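Asks: Sharing a structure below in structure tokens format, with a few things to ask.
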Amino acid sequence: MTAARLVVLDRDGVINQDSGEFIKSVAEWQPIPGSLEAIAALTRAGYRVAVVTNQSGVGRGLFSEQTLEAIHAHMSKAVSDAGGQLAGVYYCPHHPDAGCDCRKPKTALLRRLERDLGVSLEGVPFVGDRMSDVGAADAVGARALLVRTGTGEATARALGKRNIELFDDLAAAARAILAER
Ligand SMILES: [Mg+2]
Ligand SMILES: [Zn+2]
């Protein structure tokens with residue numbers, strides 16, 4: 001069986017520039033060059049694109065859930081202005097110590113995505129920059145792709161000998177996914 005025509009993306013360090021100080025406002029959300037166009041290319045090719053992101057800044061009291069929603073509205077508009085579409089933006093707002101079941105590498109957000117879209121994530125490309133992305137992808141049988149943007153270089157080093165698909169950025173990862181068809 002072929003995988004659903006779906007691509008899952010982490011947000012910070014994949015779509016937009018990451019910050020060690022968290023992305024706390026719409027103004028701090030700055031796309032990585034080529035990422036919006038990459039989502040547009042996937043959309044045009046018939047892929048649904050969903051975002052799954054850990055946003056513990058909410059749980060840490062650094063910004064409100066309302067601000068996070070505003071950031072995501074801005075991101076979705078930036079994607080549509082580029083000609084793409086987001087099928088969903090799923091986030092964990094909890095503090096890492098909260099023990100929730102949705103903070104990646106936990107899988108509750110991914111399972112919700114499966115239910116909402118009516119698909120299995122088995123074999124679905126999941127593009128991330130952190131070990132928590134790779135772990136979440138592994139846990140649901142998705143296909144982990146790592147980008148060098150964000151903290152991807154460090155993650156690649158930490159993975160050591162594990163053979164993972166590694167790309168310069170989301171644009172390169174999307175080109176590879178599209179070239180397979
Ligand atoms: Mg990230
Ligand atoms: Zn959570």
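The values are calculated or read from the model by the stated rules, or taken from the named source; none is laboratory data. Not measured: the values here are computed from a predicted model. Backbone-built Cβ (ideal geometry, glycine too); neighbour counts: all protein chains shown. The area values use the complete protein model at the heavy-atom level, side chains included, leaving out ligands, DNA and RNA. Shrake-Rupley method; radii C 1.70, N 1.55, O 1.52, S 1.80 Å.
Asks: Cysteines of the chain lacking any other cysteine beta carbon under 4.7 Å?
Replies: When partners are defined as cysteine Cβ atoms under 4.7 Å apart, the chain leaves Cys100 without one.
Asks: While we're on this one: For the range 25-122, give the percent of accessible area contributed by carbon and sulfur heavy atoms, probe 1.4 Å, rounded to a whole number. Walk me through the intermediate numbers first.
Replies: Numbers: 2200 of 4560 Å².
Summing carbon and sulfur atoms, their accessible area is 48 percent of the total for the range 25-122.
Asks: Amide H of Ile32: which non-local residues (sequence gap of 5 or more, or other chain) have their own amide H closer than 5 Å, using H built in the peptide plane?
Replies: Residues meeting the criterion, in which the H sits 1.01 Å from N, are Asn16, Gln17.
Asks: Taking 8 Å as the Cα distance limit and 6 or more residues as the minimum spacing, I'd like the relative contact order of the range 1-143 as a percentage.
Replies: Numbers: 241 pairs, mean separation 42.4, N = 143.
Relative contact order for the range 1-143 comes out at 30 percent.
Asks: Still on this structure, I have one more. Could you tell me the calculated FRET efficiency between Arg44 and Asp97, based on Cβ-Cβ distance and R0 = 35 angstrom, to the nearest 0.05? It would help to have the intermediate numbers written out before the result.
Replies: Working: r = 42 Å, r/R0 = 1.19.
E between Arg44 and Asp97, to the nearest 0.05, is 0.25.
Asks: How much net charge surrounds Asp129 when only other residues with a Cβ under 14 Å from its Cβ are counted (Lys, Arg +1; Asp, Glu -1)?
Replies: Its environment carries a net charge of -3.
Asks: If you don't mind, another one. If you filter the range 34-124 for trypsin sites (Lys or Arg not before Pro), then keep DSSP loop positions with at most 14 other Cβ within 10 Å, what is left? Don't skip to the end; give the middle numbers.
Replies: Details: sites: Arg44, Arg48, Arg60, Lys77, Arg103, Lys106, Arg111, Arg112, Arg115; in loops: Arg60, Arg103, Lys106.
Passing sites in the range 34-124 are Arg60.
Asks: Related question: Show the residues, 5+ positions off or on another chain, whose built amide H is closer than 5 Å to the amide H of Val89.
Replies: The answer is Val51.
Asks: Using a ≥ b ≥ c from the Cα gyration tensor of the range 84-181 (square roots of the eigenvalues), is it rounded, prolate or oblate, where a/c under 1.5 gives rounded and otherwise the larger of a/b and b/c decides, a/b for prolate?
Replies: Details: a/c = 1.74, a/b = 1.16, b/c = 1.49.
It is oblate, given that a/c is not under 1.5 and a/b is not larger than b/c.
Asks: Right, another one. Sketch the reach of a paramagnetic label on Met131 as a point 7 Å from Cα along Cα-to-Cβ, and name the residues of the range 148-167 whose backbone nitrogen lies under 17 Å away.
Replies: Only 151-164 fall inside the zone, counting backbone N under 17 Å.
Asks: How high is the relative contact order of the range 92-181, in percent, counting Cα pairs under 8 Å that sit 6 or more residues apart? Could the numbers behind the result be given before it?
Replies: Numbers: 117 pairs, mean separation 19.1, N = 90.
Worked out over the range 92-181, it gives 21 percent.
Asks: In what order, largest first, do Val119, Val127 sit by accessible area if the probe radius is 1.4 Å? Please report the intermediate quantities before stating the final value.
Replies: Details: Val119 30, Val127 0 Å².
Highest to lowest solvent-accessible surface, that is Val119, Val127.
Asks: Follow-up. Net charge near Val51: determine it from the other residues with C-beta under 9 Å of the C-beta of Val51, scoring Lys and Arg +1 and Asp and Glu -1. Intermediate values should be presented prior to the final figure.
Replies: On the way: positive: Arg11; negative: Asp10.
Once all neighbours under 9 Å are counted, the net charge is 0.
Asks: I need the phi-derived Karplus couplings for the range 171-181: 6.51 cos²θ - 1.76 cosθ + 1.60, θ = phi - 60°, integer Hz, Gly and Pro marked x.
Replies: Each residue of the range 171-181 in turn: 4, 5, 5, 5, 4, 5, 4, 5, 6, 7, 7 Hz.
Asks: Looking at the chain as a GNM with Cα springs under 10 Å, which of Val124, Val51, Val26 has the largest mean-square fluctuation?
Replies: Val26
Asks: Follow-up. With springs only between Cα atoms under 10 Å, which of Ala40, Ala78, Ala142 fluctuates most in a Gaussian network model of the chain?
Replies: Sorting by GNM fluctuation, first place goes to Ala78.
Asks: Next question. Just the accessible area per residue of the chain, please: how many Å² with a 1.4 Å probe? Mind dumping the intermediate values first?
Replies: Values: 8310 Å² over 181 residues.
Accessible area per residue: 46 Å².
Asks: When the chain is treated as a GNM, springs tying every alpha-carbon pair under 10 Å, which of Lys24, Lys161, Lys104 comes out with the largest mean-square fluctuation?
Replies: Evaluated over the chain, the most mobile residue of the options is Lys161.
Asks: Still on this structure: Through the Karplus equation 6.51 cos²θ - 1.76 cosθ + 1.60, θ set to phi - 60°, convert the phi angles of the range 36-47 into ³J(HN,Hα) values in whole Hz; use x for Gly and Pro.
Replies: 5, 5, 5, 5, 4, 5, 5, 4, 4, 7, x, 8
Asks: Suppose only helical runs count, i.e. DSSP H with n ≥ 4. What mean residue ellipticity at 222 nm does that imply for the chain under -39500 (n - 2.57) per run, divided by all residues and rounded to the nearest 500 deg cm²/dmol? Kindly include the intermediate steps, with their values, before the conclusion.
Replies: On the way: 7 runs with 68 residues, N = 181.
Only helices count here, giving -11000 deg cm²/dmol.
Asks: Let me ask another. Could you tell me which residue out of His95, Ala174, Ile23 lies farthest along the dipole of the chain toward its positive end? Charges go on the beta carbon: Lys and Arg +1, Asp and Glu -1, centred on the Cα centre.
Replies: Ala174
Asks: How much of the DSSP bridge set in the chain is antiparallel, in percent, rounded to the nearest 5?
Replies: Working: 1 of 20 bridges.
The answer is about 5 percent antiparallel.
Asks: From the square roots a ≥ b ≥ c of the eigenvalues of the alpha-carbon gyration tensor of the chain, which class results: rounded (a/c under 1.5), prolate (a/b over b/c), or oblate?
Replies: Numbers: a/c = 1.31, a/b = 1.17, b/c = 1.12.
Note, shape of the chain comes out rounded.
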